[in-house]
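The structure appears right after this line, and notes come after that.
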Amino acid sequence: MEFQQLEMFAAVVEEGSISRAATRVCRTGAAVSIALKKLEEEMVTPSFERGDRNSHQLTASGRSLYEHARRILDLRREAETAVKRSSHDLTLRIGTHESTSLYLLPSLMARLSETHPAIKTEIICGNADKLLLALANRAIELALIGDAPTDTELILICSGEKSWL
């Protein structure tokens, strides 16, 4: 069992379709299907009901696997965060629109650098949808966008507590 297989499995469960899961994990639908098949072969039990090709209803075994997969993936993310925080090379990844990165951020980044010289910054530019996806996938720590998301619920997990953004 590999992390990528668990990520793809969790994405299918959470997105409700292989195509949306494939987009989320930046893979093809075929790659996601193959990963699911290999995971089921390794578990020696189907994870999804096979009645409708487009319906991805979990079996009892699939529900159990999903609960464990979520815990494993969350623990992996927590471990990565802890290791990054414990290192001396701290990097803050900020996602924003190109115009914000050109006109607003330079003065803010200069001030941050003066007050916290150990923190390095990385700026990722993109549209709001791309930035919200990057934030949800923990590719960035902060997204600066013009409008609040209307169709996306983001959960900020901080010290084990959940709060809605």
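The values are calculated or read from the model by the stated rules, or taken from the named source; none is laboratory data. Here the structure is a predicted model, which means the values were calculated and not measured. Ideal geometry is used to build each Cβ from the backbone, glycine not excepted, and the neighbour counts take in all protein chains shown.
Quick notes on this one:
- Members of region 19-34 found to be assigned to a helix (DSSP H, G or I) and within 21 Å of residue 135 (Cα to Cα), listed by number: 19, 20, 21, 22, 23, 24
- Of all residues in region 120-143 being assigned to a loop (DSSP other than H, G, I, E, B) and over 10 Å from the mean Cα position of the chain (by Cα), the one that is farthest from residue 82 (Cα to Cα): 127
- Any pair with Cβ under 9 angstrom, 6 or more apart, that starts in region 1-15 at a residue that is under 16 Å from residue 75 (Cα atoms) and without any contact (Cβ under 8 Å) to a residue 40 or more places away in the chain and ends at one that is part of a loop (DSSP other than H, G, I, E, B) and hydrophobic (A, V, I, L, M, F, W, C): 4/25
- Selected residue [surrounded by 13 or more Cβ atoms within 10 Å (Cβ to Cβ), out of contact with any helix residue (DSSP H, G or I) (no Cβ under 8 Å at 6 or more places or on another chain), small (Gly, Ala, Ser) and without any contact (Cβ under 8 Å) to a residue 24 or more places away in the chain] from 101, 113: 113
- From the options 70, 24, 20, 63, residue that is outside the structural domain of residue 144 (by TED's automatic domain parsing) and closer than 19 Å to residue 140 by Cα: 24
- Evaluated against (1) modelled with pLDDT under 80; (2) touching a Pro at 6+ places or on another chain (Cβ under 6 Å), residue 51 falls short on exactly one condition, (2).
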